[in-house]
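Any read-out appearing in this document is the output of simple, stated calculations on the displayed coordinates, not a laboratory observation. Note that the structure is a prediction, hence the values are computed from the model and not measured. For neighbour counting, all protein chains shown are included, and Cβ atoms are generated from backbone atoms with ideal geometry for every residue, glycine included.
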Amino acid sequence: MPIQLSERAAEEVKRFRTEHNFEDAMFLRIGVAGGGCSGFNYTLNFDDNFDSKADSKYESHGVDVVVDKKSALYLDGTTVDWFESLEKQGFTFENPNATKSCGCGSSFQA
């Protein structure tokens, strides 16, 4: 199952795109990188470089999402949500492949 955005996360991505005047060719790239207190960090950025051999592209609530195939192994079935409270705001990851995650939720162990 590919990575999904919640409706709230998709709306936040759309708001950010509009606010920063990104071109239509820009998509949301989600991945993992080594590091963090649990072993892997989640990465989110906007990109316009798509490689059909190395990347997979999905659509979630009107947002194009691209994941490189190596990261997809760790993110399969993950849902990205948007959290907002008085103390903090940001994207959260519900990753069924994570065996352990840090307290801040930005890194995990698979």
*asked:* Springs between alpha-carbon pairs under 10 angstrom, Gaussian network model over the chain: which of Asn95, Asn41, Asn21 fluctuates most?
replied: Asn21
*asked:* Going by amide H atoms built from the backbone, whose H comes under 5 Å of the H on Arg29, apart from near neighbours?
replied: Asn45, Phe46, Asp47, Val66
*With a point put 7 Å past each Cα toward its Cβ, work out how far Glu19 is from Asp48 in nm, to one decimal.*
2.1
_Using 10 Å bins from zero, what percent of all Cα-Cα pairs in the chain falls into each bin?_
14, 47, 33, 5, 0
*Taking the Cβ-Cβ separation of Ser85 and Glu7 as r and a Förster radius of 25 Å, what is the calculated FRET efficiency to the nearest 0.05?*
0.85
_From phi via Karplus (6.51, -1.76, 1.60), per-residue ³J(HN,Hα) for the stretch 7-24 in Hz, x at Gly/Pro_ = 4, 5, 5, 4, 5, 5, 4, 4, 4, 4, 4, 5, 4, 9, 6, 6, 5, 4
